[in-house]
Every structure is written in structure tokens, then in C-alpha cells.
Amino acid sequence: MKKTKLLSVVSLILSLVLLDSYISAFQGKQRKSISDFQENLRLSQTINQKSPPSQSKISYSNDHILVKFKSSIPDEYIKATMSSFQINEYKVIPRINVFKINVPENSSVQDMLYLMKQHQYVEYAEPDYVAYAMVTPNDNLFSYQYALYNSGQYIGPPGSPQGQSSADIKATLAWEETKGTVDTLIAIVDTGIDLLHPDLQSKIESGGRDFVNSDFEAIDDEGHGTFVAGIIAAETNNNEGIAGVAWNCNLLPVKVLDDIGEGYYSWIIEGIIWAVDEDVAVVNLSLGGAVPAYSLENAVQYAHQNDVVVAAAGGNDGGSVVYPAAYDNYCLAVSATDYNDLRVSWSNPGPEIDVAAPGEYIISTVPTWYFPPGSVPYGFASGTSFSTAHVSGLAALILSLKPWMTADEVMDVIRYSADDVNENIHPGKDDFIGYGRINMEKALVPIIIEKKEINETSE
Amino acid sequence: MAKKRFLSAIIVFLMAWPLLSADQFFKGGFSTQQIKLGIEAEFFDRMIIWGEEQNETSSLQSFLFLFKPSYKLMEGTSISAVMGYSLSNFNDMIFKELPFSLKLNTGNIDGLAFGGEAVIQILKFSDFTLSARGQFIYYLGFTEQWEIPDLAVEGTAIGNPNWARLKAGPKISFNVSEYLRPYLAANYDILWGKFKMDEQIEDIAKEQEMKIEAKSNLNFSVGTLYEIIDRLDLKAELSLLPLEEQIGLSIVIGANYSF
């Protein structure tokens with residue numbers, strides 16, 4: 001975790017200067033382009049402001065339809081047909097000669113479609129269906145979140161590396177299925193959370209619990225917990241900052257690490273148990289120690305027995321998987337990949353690793369006190385802590401959609417839906433990225449099963 | 001359970017009636033009681049509702065190839081047993097209660113179809129005949145297995161569907177000629193069933209049983225019987241289910257040979 005912290009601080013300071021100037025310089029331009037976008041594409045704006053329907057919902061215009069007449073039918077006959085149906089307003093879409101016909105007032109789309117389909121001159125008649133864009137949040141730093149959607153963009157300010165397209169966790173496709181529910185609670189067992197952060201404030205269930213200072217206000221005096229919280233469930237689609245993996249889920253801060261990012265196992269144990277008793281669905285443990293302890297194992301076992309999913313960081317020193325991530329039966333142990341879907345060298349390998357998620361150069365929320373006044377409270381950092389946060393977000397979305405699932409089932413869904421991105425060198429489950437880099441789409445969107453039958457007698 | 005027991009009783013009764021009446025058949029004359037052997041093919045496409053709150057829809061398409069021995073009790077009144085083969089297509093149903101949600105795009109699922117049919121003449125006036133007819137068909141789908149694609153491990157989905165359809169209503173037919181008898185009918189037409197889906201992916205073993213039922217329960221039919229040669233008649237029938245969002249339909253063609 002030390003490396004995480006060190007990297008965070010260095011990255012944040014370097015990034016601050018670059019990002020702040022970059023954002024200041026480009027904010028005006030961005031705002032202008034958003035304004036142009038809003039003026040020119042009101043449909044897209046509307047889509048961004050409301051939840052697009054799922055694929056199963058179909059809607060279409062209730063005042064016009066699309067009709068194609070057979071190519072052999074002369075124009076006069078078409079006009080006569082229009083007149084016979086009292087159609088006064090229509091427009092021809094050139095090149096393909098499809099008529100966009102306004103349905104007369106005394107008729108309906110259904111009636112007109114029925115009549116048109118019966119007509120001998122008509123090749124086809126169909127409703128004018130509504131198409132929807134993929135769910136893309138309007139948070140102004142979303143384009144830096146390669147982990148959620150990687151189009152091959154620069155992963156940070158100019159000069160930063162460029163990612164490989166699709167080396168992401170397929171968040172935008174998964175959000176079509178669910179963005180989470182407010183009653184799905186995720187415990188951030190960490191350094192606390194900045195309770196006043198503008199991108200987190202509305203997502204924090206309560207002041208939480210501080211086991212370091214023995215009070216009920218888990219204020220972050222280090223920064224790590226706030227960063228993790230932003231990845232999991234920053235307020236999304238609010239035109240500000242970043243998008244959280246679990247848009248609508250809420251956060252419960254539990255402070256078990258002090259202002260230098262260290263904490264006794266007893267604080268962590270108490271924090272886990274307290275969070276479980278608060279009915280959280282997921283416990284995020286972006287922390288770990290090199291030494292096993294029965295009591296720590298008992299704590300994660302308690303969470304597991306209560307069907308709370310525990311995601312834990314594998315570690316950042318290239319050594320063995322740390323504890324509690326190494327408690328294989330009770331935790332999802334998470335390693336880190338980068339913007340090219342490659343495992344990063346400092347991510348700890350081991351047979352306990354279940355899955356991987358992006359952990360290199362991740363943008364997220366930092367406490368508002370962290371940078372000088374006038375700075376934006378966001379920064380970049382690397383570590384399996386942040387990979388773990390992506391996994392916790394996915395677990396929360398699964399439980400939002402299917403609250404009846406057991407912790408074991410959720411863990412299996414996350415494992416089995418992963419993409420084996422290193423299969424060319426380590427096919428199947430391996431010590432480096434486990435089953436692979438998580439794939440939110442596969443975990444959440446219904447899988448289409450085709451006819452290809454399994455031949456039971458085949459060898 | 002009561003519904004199942006009632007349906008079982010109807011099936012047993014309809015199938016057993018020709019056998020129970022065999023004694024009377026052999027004692028009685030061939031002049032008033034006839035046996036017909038028929039074959040029938042039906043295609044129907046109708047909207048079904050399903051899901052946790054029975055609020056999701058998709059269409060059920062089914063082909064039925066039926067063997068249909070009939071026993072004529074008296075003029076205009078007969079009972080038939082129905083047995084055969086069916087292909088039913090449940091595409092677009094989604095099983096969301098499984099750990100991995102599954103959407104069917106598996107096409108036709110084979111199965112057996114059996115049941116019974118009865119036609120009772122109520123009134124005959126001039127060339128018009130008013131009858132009541134009822135039919136029950138039970139589709140018992142075969143269990144099929146499919147691969148769950150694109151996962152990090154191998155996974156299997158095992159599906160087993162069934163449905164039952166009961167339709168009954170009045171039918172009015174008109175003797176156009178000695179050979180041609182068109183008819184109109186209205187039917188109360190209910191369909192219900194379930195689809196059991198089993199998901200097996202390493203440690204995951206979960207089952208979801210989804211109830212299905214038809215969206216609308218009323219259909220109107222137009223059809224005709226045509227005797228092409230002595231003792232052999234053909235049947236064609238088109239039914240529409242107009243209350244559905246997209247009109248459901250059923251097309252039946254068949255042939256009967258009288259003994």
C-alpha cells in the first residue's frame with residue numbers, strides 16, 4: 001500500500017500542475033463544445049439527462065410512419081394512394097425512396113401501418129422507431145476514465161500514454177442494463193471519505209464510523225479512501241468530475257487507516273464487522289498486510305457468511321498476495337492491468353488472484369483539502385487498490401440487479417465473466433490476472449444462447 | 001394442483017373415450033358411426049407474457065404435426081385423440097433470475113404434442129349447422145442443452161419447456177355443396193405453460209422456472225372442409241387473435257380419411 005500512496009502523491013502533484021492548467025485552458029473550450037453539442041444535438045442531450053430505456057423497450061413515433069412503395073409503381077399511382085388514405089403530409093427520403101408519412105388526424109399509426117401493409121403497391125411499412133445512444137455519462141472527466149471506456153484515447157493530459165481501444169471493463173454497455181440502486185450500500189473500509197467532496201457528498205449514506213479515532217465521522221485525512229470511493233460510486237451524469245462504476249449505489253465510509261494510510265488489523269476487523277452489521281452489500285478492502293491473522297480471516301469469513309461480497313487488493317510490491325486478499329474462500333483478490341490490458345509489473349501474483357481490473361494511471365476524486373484552493377479535486381494514481389474499487393463497483397451493480405444472489409454466486413459471476421486478456425501467454429486462470437480482466441457487460445447483460453447444441457457423446 | 005388434476009382428467013377422458021365406446025362401436029352399425037384418421041399441420045404465432053411480474057412479452061411460434069383419429073358418435077358429433085410432434089420457438093425470452101442472465105435465441109425446440117378434441121352438433125337449420133368444439137393440446141418439450149458462450153470457463157444451459165392450450169367455442173358451418181362446407185368460429189383460446197432453465201457453470205448450478213401465458217385469449221377462425229374424393233376430405237383454417245399488440249395467427253391444414 002506504501003507504493004500506492006507514494007505513487008498517488010507523486011502522480012497527484014505532477015498531475016495537478018498539468019491537469020489544472022490543462023483543464024483551465026480547455027474548460028472554456030470544453031464548455032463551448034458542450035454548449036454547441038447541446039444546441040445541435042438536443043436528442044443526445046435529452047438522452048444524457050434521462051435514463052435510456054433498456055434494449056427490450058421499444059418506442060416509435062406516434063404521428064408518422066415509414067413506407068416504401070414497390071419500385072415498379074409510378075409516381076401518379078403513389079400520389080393517388082396517398083390521397084385515398086387522406087395523407088396530406090409526407091416527405092421522401094432520397095436515395096432509398098422511403099416515404100415518411102404523417103398519419104392523418106382521424107387515424108393512428110397502428111391503423112395506418114395495417115392498411116399500408118395490406119396495400120398491393122407497398123413493399124413495406126414500418127413504424128419510425130426511436131434509437132438510443134449507448135449510456136455515456138456527461139461527467140467532464142469521463143474521457144480520462146479509460147478503465148470504464150477505452151476508445152484508444154490519451155489516458156491523461158497531453159503527453160500521457162494512449163490506451164488500446166477496448167482495454168476497459170465495458171462499463172457503458174453494462175450501464176444499459178443497470179446503473180445500480182440507492183439501497184445497495186458499499187462499505188469503503190479505508191482512510192475514510194471526504195464527506196464534502198462535490199462528486200461524493202450526495203452518495204455518502206452517513207458519516208460512517210471511524211475506528212482510528214473512535215467516533216462516528218469517518219473523515220479522510222489521507223486521501224486514499226476518497227480516491228477509492230470516487231471510482232466506485234462518484235456522482236455520475238452530473239456534468240462534473242468523473243463517473244462511478246456503480247452510478248446509483250451509495251457509500252458507507254469506514255475509517256480504519258490513519259493519516260499515513262496505516263491501520264491495526266483490529267481496526268480493520270472491527271470496521272468489516274461493523275459494516276456487515278450495517279447491511280452493506282459489498283465491502284471494499286483496498287488495503288492489506290503481509291502477515292496472516294486468524295482474526296482477520298474470521299472477519300472476512302463473517303462478511304462472507306452474511307452474503308456480503310468482499311473485494312480485496314492483491315498488493316503492489318510484486319510479492320505474494322497480501323492479506324486479507326489471500327483468504328481465497330472469502331475474498332475476491334484483485335490484481336491490476338493497465339490501459340493496454342497488460343498486467344502491471346508491480347501487481348502481486350499468486351494463486352489467490354481471482355480477477356484483474358485497471359489499476360494503472362486511474363483518475364478519481366481526491367479530498368478537497370488535498371490541493372491548494374482553486375484546484376480541481378481530482379487526480380491520477382496507480383495501485384491494486386483502485387483495481388479493487390472497480391471490482392467492488394461491479395459487485396454492487398450485480399447485487400442491485402439481483403439482490404437474491406449469494407456472495408459466492410456474485411464472486412463466480414465476476415470471475416467467469418472476465419476476459420482472459422493474457423491467454424496468449426497464460427491461457428486459462430493464472431497467477432497474474434486470475435480469470436482475467438473483469439467485463440461488466442458479460443456479468444450484467446443477458447447472454448444470448450444460440451442453437452449450437454452440446455453433443456454429450458462428443459469427445 | 002387442482003388445475004393440473006382437472007386437465008389430466010380431461011386428457012384421460014378424451015383419450016379413453018374411443019376405447020370405452022369400442023364395445024358399442026362393434027355392436028353398432030358402421031352406417032351411423034365412423035372412424036376417421038386424420039393428419040393435421042398447424043403453425044401458430046402468438047404473444048406470450050412471462051417474467052417475474054408477468055410483464056415481459058415475446059412471441060411463441062409453434063409447428064404442430066398431428067395424427068388425429070376420430071370417432072363419430074352421431075351426425076355432427078365426434079371426439080378425437082390428438083398426438084404428434086411439435087417444434088416450438090421461445091426466442092427472446094430472458095431468464096433474469098439466474099446468476100448469468102440468459103436470453104434465448106435457440107430456435108425451435110422439439111417436443112411431443114398430445115391431447116384431444118370434441119365437436120358437438122347443437123343445431124341444424126337448413127344448410128347451416130351450429131356446433132360447439134373444444135380442443136386441448138399439451139406440448140411436452142424435449143430437454144435441450146446449449147453452450148453458454150464467451151465465458152472464462154465452460155458453461156451449459158439446459159432448457160425444458162412445455163405448454164398447454166385449451167380452446168373452445170361455437171362454430172357455424174354452411175353446406176355450400178355436397179363437397180364444400182366453409183365455417184366460421186370464435187374461440188376462447190388460452191395457453192399457459194412453463195420453461196425451466198438450468199444454468200451450470202463450474203460452481204454455479206441454478207435453476208429458474210418461468211411461467212408463460214398467452215397475452216390474449218380470444219380468436220376468430222375462418223375455415224373450410226372440402227371432400228376431394230369419396231371419404232377423403234381436406235381442411236384449412238385461419239385464426240386471428242386480434243387483441244394482441246401484434247396480431248397473432250394460427251394456420252391449420254389437414255386431411256381426414258373416413259372408414
Other protein chain Cβ atoms within 10 Å, averaged over every residue that makes up A:418-428: 1
Tell me the chymotrypsin sites (Phe, Trp or Tyr not before Pro) within the stretch A:218-280 that lie in a loop according to DSSP and have at most 15 other beta-carbon atoms within 10 Å. A:Y264
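Among A:V254, A:V366, which comes first, then next, by fewest other beta-carbon atoms within 10 Å?
Working: A:V254 30, A:V366 27.
So the residues, fewest neighbours to most, are A:V366, A:V254.
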Per-residue average of Cβ from other chains inside 10 Å of A:392-404: 1
At a Förster distance of 45 Å, what's the computed FRET efficiency of A:Q153 paired with B:E202, Cβ-Cβ distance as r, to 0.05? 0.80
Computed over chain B: longest principal axis from alpha-carbon atoms vs helix B:2-20 long axis, angle to nearest 10 degrees, is 40
Using helices alone, I'd like the mean residue ellipticity at 222 nm for chain B: each DSSP H run of four-plus residues gives -39500 (n - 2.57), total over residue count, nearest 500. -3000 deg cm²/dmol
Run the Debye formula on the Cα coordinates of chain B, all scatterers equal and no solvent, and tell me log10 I(q)/I(0) at q = 0.14, 0.15 1/Å. -0.97, -1.08
Evaluate the distance, in nm, between pseudo-label points positioned 7 Å from the Cα of A:N340 and of A:A290 along their respective Cα→Cβ axes. 3.0
Taking other Cβ within 10 Å of each residue's Cβ, how do A:F99, B:F44 sort, fewest first? A:F99, B:F44
For A:D317, other-chain or 5+-apart residues with amide H closer than 5 Å (H placed, Pro excluded) are A:N348
Rg and Dmax of the stretch A:340-459, using alpha carbons, in Å: what are they? 18.0, 70
Rounded to whole Å, give me the distance from the Cα center of the stretch A:62-103 to that of the stretch A:242-264. 60
Pair A:Y121, B:D110: separation of 7 Å Cα→Cβ label points (nm): 4.9
The residues B:E117, A:E360, A:E205, B:E53, sorted from fewest to most surrounding Cβ atoms within 10 Å, come out as B:E53, A:E205, B:E117, A:E360
Over the stretch B:39-100, what is the relative contact order in whole percent, taking alpha-carbon pairs under 8 Å and six or more residues apart? 32
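None of the figures in this text is laboratory data; all of them are computed from the coordinates on show. Model, not experiment: these values are computed from the prediction. Every residue, glycine as well, gets a Cβ built from its backbone with ideal geometry; the counts of neighbours run over all protein chains shown.
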